[in-house]
Amino acid sequence: MSGASPRTAPVSSDPFDVLVVGGGINGAGVARDLALRGARVALVEKREFGSGTSWASSGMIHGGLRYLQHDPEVTLHSCVDSGHIQRIAPHLVFRIPFLMPIFPDDPIGAEIVEVGLEMYDRYQPFKGGRPHTRLSPAQARRLEPGLSDAIEGAFTLDEWGIDAARLCAANALDAAERGAFVRTHTELVAFVKDASGRVCGARVRDRITGEERRIEARETLNTTGPWVARVSEMAGAPVRLRPGKGIHLVFERRVSDLAVYAKGIDGRDMFTFPHEQNSMAGTTDDDFYGDLDHMEVTEDEVAYVLQAMERSLPGIREHRVAHAIAGVRPTLYGFGSYEDELSRDYAVFDHGERDGVPGFWTLAGGKLAAYRLMAEDASDRLCAALGIDAPCRTHDTPLPGGDAPIDPREVSRRFGVGLPAALRLGFRHGARAASLLSASEAPARTVCLCEPVLDAELRHAVYAEGLRTLEDACLRVRLGIGACQGAGCGARATAVLAEALDWPAERAGAELAGFVDARWHAIAPVLAGDHVAALELHRAAFLGARGFASAEEF
Amino acid sequence: MSARVVVVGGGLAGASAALELAREGVEATLVRAEPGATALGWGTLDVAGAVPGSRRLRWRAPLREAPLVGADRLAILIGTFASHPYARVFGRDARSEAGAAAERVKEVVAALAAALAPHGLALEGSLDENRLLADAHGIVRVTDFVFGAAAGGNLAEVPEIAWVSLAGLPADPARVALRRLAAERAALGLTPVPARSVELRLPGALPLDSPARLAAALDRPEAFAELARAADAARPEAGAGRLWLFPPVLGLDRAAANLAALRERLGAPVAETLAAVPDATPGYRLHRALEAALAAAGVALRRGRVTRLESGGGRFRAVVFEDEVGEPVRLDADAVVLATGRFIGGGLRERGGAVEEPILGLPVVDGRGERVDGRPARASVRRRYLDLHPLFAAGVSSDARLRPTTGADASPVAPNLFAAGDLLAGFDPARDRTGLGVALVTGVVAARHAADAAREPDAP
Amino acid sequence: MSFWRGYRGFFRQILDTGTFAALRLQVRTGALHVLRSLSRRRSPDPVALFLANYAGDGVRLPDAGERPLALAAGRCVACGLCSLECARVGGRPPLDPREAVLAGSRLGIDLARLGLEGELAGGCDACRACEPLCPAAIPIARVQARLGGPEGAPPTL
């Protein structure tokens, strides 16, 4: 993945075992699984890892409480797998105690809820989870003073959160370190079929350099998430999805260290939950028929989410929302059900069997929390077809940085890095934080103040993780998504990347302009209250300081 | 009894108003809360800065390559934007008024420069000659007037530069900044002149982890001496006859003195680059110099947020503000100048999903006169970042005497209430590059009208 | 809460059950639950139980001052005027004022979890020189004090 690695050298003439198209959590997960089994894998991603659906998820590797009623097997597998993910990436996960308030007009009473939680308690040990507690309104308000006065009680339960974009990148990085050819900003042009109609690879185009190349593989796997339908169509093997759009509001900081359940006006469960340095509120689930490459967050969606949150946390509107994110769930097609009822089922399609297009497979549907299981299933089937006899090792092989605990204080002292920065570095890079800083001549230097993100980390992302654009950095290292929304860090990060990637001034200017546009797109739907003043400064930073070279006309 | 005027807001608009009142012999009190946009500038005083990419605001003459000068840009702006405060103050007929407008601007700039000079902050420039200044990223600004430390960095005068980086100090890599600067110069049609990069290694005792700490340290003579020594040693590397461009860290209170010393020692022009967000050093220096100038001019300075104005007999009679412990304080006033800024200064805010002007609930209108108050902020922004957003051109409407108006007939709210600076509607400082120019000009003009109104309590 | 109110939705839940295994699990757990509530075996102090459950995770109860301070800190626009003034008056806190206000959010729970409370204590004299410079009127000295951890328990900011 690095600029100088052999993996970006001309691809060898031997075909790969598997070409994975789509670098979200499924593609990255499968690429890693296959690489661990010794298969030769190529992974191509149109933009940045996880930039489709995965990054916009709530980032919870939850245990599937809601499935207890329909199928406890699903819950069991989810909890066991949540445990696996914690063990392979302990640095990426963070605990989220949930608070579930019970209102008099809730259709389900406290005793029934508690029975559900008592059932869930039995599965918690699989994922290192804590048992539930039952609280009176007064007790609940000690945990969360902002809770509504109207509650008749509350429960706590336990889940884990994770930085989904970082999880994608970690899987892809591990695959690359184990010999996979991994490339971002590389999009599918067309599948290549041999004379018999078998898919034997694809032509792909590097969106940055424009270079096209042909990647040959014995089997090709489509893991393009919501684009699965379009991509499978390109191979002549249609797969039908029922895409479901979901938004989250991202607060400028943590509203609470607890997650709080809230019901929408239509009875849907949502939450305000801590996520990394922030809190998020969401999510929605609406059938989506629009353009996957240009998602908008609408006023209705924002209002719907805030209205729901307000019922549980009446003061929620006082908290500053920094931006909103939208993604589309790649739900398998099912007619007639309300969106929520469609299970987060997944499927591995062997298009040779199903559609007479051999050599082509699709992994579709599913949810983030089940990624490893899904990847294992798909890899099992692919390896069977390839004649590779190796067991899955993704459940007990640590992801990069997950092999040893880190001591943020020691890192802070040894490298002169501020403690908050050392903590954040540890959460993204785990045990590799120290070696990352050792490689830097200015380890303490910060680029983004809000997260914070170190200059060393940004450079590491380029040199060792294949980062290619400024917008990638928003996902990869959480640049520019805090209080300043890039006003403080955008230009400096562009300059660092311009040096690391040797960008000419025009390219650097275009990158920054694209970044600013993307930030605005995320901010405008939620621009309110104290955030407006921040945007005044933001506009001073970017509009007031635009240069003359390649200045876009307006 | 002398007329008493209360100015609300301590940015450039409020300070200019108060200084003008003091010049006119009017008893002036300035009430200010927290700093706003003035303290966050990057070091220029754009009266009508050149706006890259603007289709409406020409910054370059059609046939020649060189940018237009400030006086020309000012005329174009007045002629193009009828709603801009300049048009209101100077009159809308650009052809006949432009010359007069430029003259008046020069007059108020000179007065500000005179007020600031004793407090360590120079203000230099001209409407007849452009200043081309590099910022810390290598972006170039084409503008009229520049404060203090960046003033000597006019690339139009000394095209050959030595770009100084201080080893260990967070900054853009020099190579990248210079690449950017070369692209800027090419876009401006300037002959390419290779710049040199000079790296100074300062002793470890100096705080290099943050520009703010280094700038504060360089206020101390012994620390500055280290820097001067390092610069001196780098003279061969820099080459003769070049403009030394330092990052904006050459001191907080002593930047002017430090620069003068460096110029002498190096025998060369020396300047700072303009700053870039999130570095507020030039704005901070301006803020401090304004406070000192106000005190020196005998303006009574009070700290607190104004909560209401008291009226009687169709005029405002008093200003009430909350002091640091939250106690209300009442100030008698024969006239009031509101220079409270916009969102960052608190002159406008959004509360409970509605934009409002918090002191009087004045209507807030955009450049076309459309109301944006009473509606959410996000309802008044457009899809693209570069679009003209009603929200960011919004403020309080005013008549030709800068009195806030309300209602369809545009009658003034009161004969003795005035507004100045970013609080005024009809311009977008980030987009137009006229922010501090408007603050200065309207501050002075509002003060003159306020003084008149204060002296003639019975006039309509 | 009356007995019957607490069990509302019972039939709906049963009807909604997907598999026999799920039904069996629900009936078993439900029966145990009823027995337990009839015998009044409830935890006497569920908040203490909650804190004990999460003892190693850094979860603490928010105190009265924490939330208003977090809301205030949430107004920050990262302008840096506070840090300039702090530097000018010679302050040397472990985190400069801007860093302290911005980075505080997840700090509390993480420092508590890792036993690093107090790591950021001291160094800020609470001279409050920074506060008049803040456009958002954030009580920065209190934010700094919180980071240091009153009695070893830095809260979320």
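Go through the residues of the range B:228-240 one by one and say whether even a single one is surrounded by fewer than 20 Cβ atoms within 10 Å (Cβ to Cβ), within 30 Å of B:HIS287 (Cβ to Cβ) and touching a strand residue (DSSP E or B) at 6+ places or on another chain (Cβ under 8 Å). Looking through the range B:228-240, at least one residue is surrounded by fewer than 20 Cβ atoms within 10 Å (Cβ to Cβ), within 30 Å of B:HIS287 (Cβ to Cβ) and touching a strand residue (DSSP E or B) at 6+ places or on another chain (Cβ under 8 Å). If you check B:GLY91 against the conditions, is it modelled with pLDDT under 90, closer than 23 Å to B:ASP422 by Cβ and either surrounded by fewer than 20 Cβ atoms within 10 Å (Cβ to Cβ) or not charged (D, E, K, R) (or both)? So B:GLY91 fits the description; yes.
Can B:LEU388 be described as surrounded by fewer than 22 Cβ atoms within 10 Å (Cβ to Cβ), at pLDDT below 95, of a type in the set (A, V, I, L, M, F, W, C) and assigned to a loop (DSSP other than H, G, I, E, B)? Yes. Put simply, of A:ARG166, A:ARG183 the only residue that is of a type in the set (Lys, Arg) and surrounded by fewer than 24 Cβ atoms within 10 Å (Cβ to Cβ) is A:ARG183. Quick one: would you say B:GLU310 is of a type in the set (Asp, Glu), surrounded by fewer than 21 Cβ atoms within 10 Å (Cβ to Cβ) and assigned to a loop (DSSP other than H, G, I, E, B)? In short, no. Out of A:PRO104, A:PRO97, one residue alone is within 14 Å of another protein chain (Cβ to nearest Cβ), over 25 Å from the mean Cα position of the chain (by Cα) and over 30 Å from A:ASP472 (Cα atoms). It is A:PRO104.
Only one of the listed residues (B:LEU245, B:LEU252, B:LEU202) is touching a Ser or Thr at 6+ places or on another chain (Cβ under 9 Å), more than 18 Å from C:ALA87 (Cα to Cα), not in a helix (DSSP H, G or I) and not hydroxyl-bearing (Ser, Thr, Tyr). That residue is B:LEU245. Exactly one residue out of B:ARG401, B:ARG384 is more than 11 Å from chain A (Cβ to nearest Cβ) and of a type in the set (Lys, Arg), and it is B:ARG401. Quick one: would you say A:SER379 is in contact with an Asp or Glu (Cβ under 6 Å, 6 or more places away or on another chain), small (Gly, Ala, Ser) and either at the interface with another protein chain (Cβ under 9 Å from one of its Cβ atoms) or surrounded by 18 or more Cβ atoms within 10 Å (Cβ to Cβ) (or both)? When the stated conditions are applied, A:SER379 passes them. If you go through the range A:238-257 and pick out every residue that is away from chain C (no Cβ under 14 Å) and more than 11 Å from A:GLY282 (Cα to Cα), you end up with 8.
Could you tell me whether the range C:123-146 includes any residue that is among the polar types (S, T, N, Q), within 14 Å of chain B (Cβ to nearest Cβ) and either free of Cβ contacts under 8 Å to residues at least 24 places away in the same chain or over 30 Å from C:ALA52 (Cβ atoms) (or both)? Spell out how you get there, then give the answer.
Let us first name the residues in the range C:123-146 that are among the polar types (S, T, N, Q), namely C:144.
Retained after the next criterion (residues that are within 14 Å of chain B (Cβ to nearest Cβ)): none.
No: zero hits.
With the structure loaded, tell me whether A:GLU159 is closer than 17 Å to A:ILE102 by Cβ and not polar (S, T, N, Q) or whether it fails that test. Criteria not met by A:GLU159. Of all residues in the range A:376-434, how many are farther than 30 Å from A:PHE360 by Cα and part of a helix (DSSP H, G or I)? Of the residues in that region, 24 qualify.
State the number of residues belonging to the range A:505-520 that are surrounded by fewer than 21 Cβ atoms within 10 Å (Cβ to Cβ) and either free of Cβ contacts under 8 Å to residues at least 40 places away in the same chain or within 24 Å of A:GLU318 (Cβ to Cβ) (or both). Total meeting the criteria: 3. Contact annotation: residue pairs with Cβ atoms under 8 Å, 6 or more positions apart or on different chains, pairing a residue in the range A:409-420 that is facing chain C (nearest Cβ under 8 Å) with a partner that is aliphatic (A, V, I, L, M) and not in a helix (DSSP H, G or I), are A:ARG409/C:LEU114; A:ARG409/C:LEU116; A:GLY418/A:ALA444; A:GLY418/C:LEU95; A:LEU419/C:LEU95; A:LEU419/C:LEU116; A:LEU419/C:LEU120; A:PRO420/C:LEU95.
Residues in the range A:117-132 that are more than 8 Å from chain C (Cβ to nearest Cβ) and not charged (D, E, K, R): A:LEU117, A:TYR120, A:TYR123, A:GLN124, A:PRO125, A:PHE126, A:GLY128, A:GLY129, A:HIS132. In the condition set (1) part of a helix (DSSP H, G or I); (2) more than 7 Å from every other protein chain (Cβ to nearest Cβ); (3) under 20 Å from A:SER256 (Cα atoms), A:PHE155 is compliant with all but (1).
Considering the range B:124-158, and only residues there that are away from chain A (no Cβ under 14 Å) and under 12 Å from B:LEU245 (Cβ atoms), the residue that is surrounded by the most Cβ atoms within 10 Å (Cβ to Cβ) turns out to be B:ALA149.
Scanning the range A:133-152 for residues that are surrounded by fewer than 23 Cβ atoms within 10 Å (Cβ to Cβ), part of a helix (DSSP H, G or I) and facing chain C (nearest Cβ under 7 Å) yields A:GLN139, A:ARG142. Can you find a residue that is touching a helix residue (DSSP H, G or I) at 6+ places or on another chain (Cβ under 7 Å) and assigned by TED's automatic domain parsing to the domain that holds B:GLU20 anywhere in the range B:404-413? Checked the range B:404-413: no residue is touching a helix residue (DSSP H, G or I) at 6+ places or on another chain (Cβ under 7 Å) and assigned by TED's automatic domain parsing to the domain that holds B:GLU20. Scanning the range C:60-99 for residues that are closer than 17 Å to A:GLU318 by Cα, more than 14 Å from chain B (Cβ to nearest Cβ) and either free of Cβ contacts under 8 Å to residues at least 60 places away in the same chain or part of a loop (DSSP other than H, G, I, E, B) (or both) yields a total of 5.
Somewhere in the range B:425-432, is a residue in a helix (DSSP H, G or I), more than 13 Å from chain A (Cβ to nearest Cβ) and touching a Gly at 6+ places or on another chain (Cβ under 9 Å)? Scanning the range B:425-432 turns up no residue that is in a helix (DSSP H, G or I), more than 13 Å from chain A (Cβ to nearest Cβ) and touching a Gly at 6+ places or on another chain (Cβ under 9 Å).
The set of residues in the range C:2-52 that are assigned to a loop (DSSP other than H, G, I, E, B) and either surrounded by 14 or more Cβ atoms within 10 Å (Cβ to Cβ) or among the β-branched types (Val, Ile, Thr) (or both) comprises C:TYR7, C:ARG8, C:GLY9, C:THR17, C:GLY18, C:THR19. What about A:PHE103, is it under 21 Å from A:HIS132 (Cβ atoms), in contact (Cβ under 8 Å) with a residue 60 or more places away in the chain, touching a Ser or Thr at 6+ places or on another chain (Cβ under 9 Å) and not charged (D, E, K, R)? Spelling it out, A:PHE103 is indeed under 21 Å from A:HIS132 (Cβ atoms), in contact (Cβ under 8 Å) with a residue 60 or more places away in the chain, touching a Ser or Thr at 6+ places or on another chain (Cβ under 9 Å) and not charged (D, E, K, R).
The values are calculated or read from the model by the stated rules, or taken from the named source; none is laboratory data. These figures come from a predicted structure and were not determined experimentally. Using ideal geometry, Cβ is built from the backbone for each residue, glycine included, and neighbour counts are taken over all protein chains shown.
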